[in-house]
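Reading through the structure tokens given below for one structure.
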Amino acid sequence: MTASPRQPKTERIEVRTTAATRALIDRAVEESATDRSTFVLESATREARRVLADRTSFQLDEDGQREWERINAEPARDLPGLRRLLARSTPFTEA
């Protein structure tokens, strides 16, 4: 998620690069009709989400652990649509 236009940007990220990489990014920026900061930030944010989506292990602080336990202690909701779907025969096995 990129920062919304209403949120002030208070943090700074600095990166060093080669002239060739900068030229490549600048060419892409021109084609995207945006500015370099927006282009780099949106690209990095998209990649960060992709990396984090594949995580299989998460560590929680104490408050997060308590909240996780509270949520998991709640009874499961009845979802009639899901119940009907799971009751249907599967096309992947022979009848």
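Values quoted throughout were computed directly from the atomic coordinates according to the rules given, and no laboratory measurement underlies them. The shown structure was predicted, so the numbers you read here are calculated from the model rather than taken from an experiment. Because the Cβ atoms are built from the backbone with ideal geometry, glycine has one as well, and the counts that use them run over all protein chains shown.
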Among the candidates 36, 66, single out the residue that is surrounded by 10 or more Cβ atoms within 10 Å (Cβ to Cβ) and either in contact with a helix residue (DSSP H, G or I) (Cβ under 8 Å, 6 or more places away or on another chain) or touching a residue at least 24 places away in the same chain (Cβ under 8 Å) (or both). 36
Specify which of the listed residues (29, 15) is surrounded by 11 or more Cβ atoms within 10 Å (Cβ to Cβ) and not charged (D, E, K, R). 29
In segment 10-23, residue farthest from the chain's Cα centre (by Cα) [restricted to those that are in a loop (DSSP other than H, G, I, E, B) and of a type in the set (A, V, I, L, M)]: 15
Would you mind listing the helices (runs of 4 or more DSSP H) fully within segment 24-95 where at least 2 residues are under 30 Å from residue 13 (Cα atoms) and touching a Ser or Thr at 6+ places or on another chain (Cβ under 6 Å)? 36-53
When residue 88 is run through (1) surrounded by 10 or more Cβ atoms within 10 Å (Cβ to Cβ); (2) more than 30 Å from residue 22 (Cβ to Cβ), the failure sits at (1)
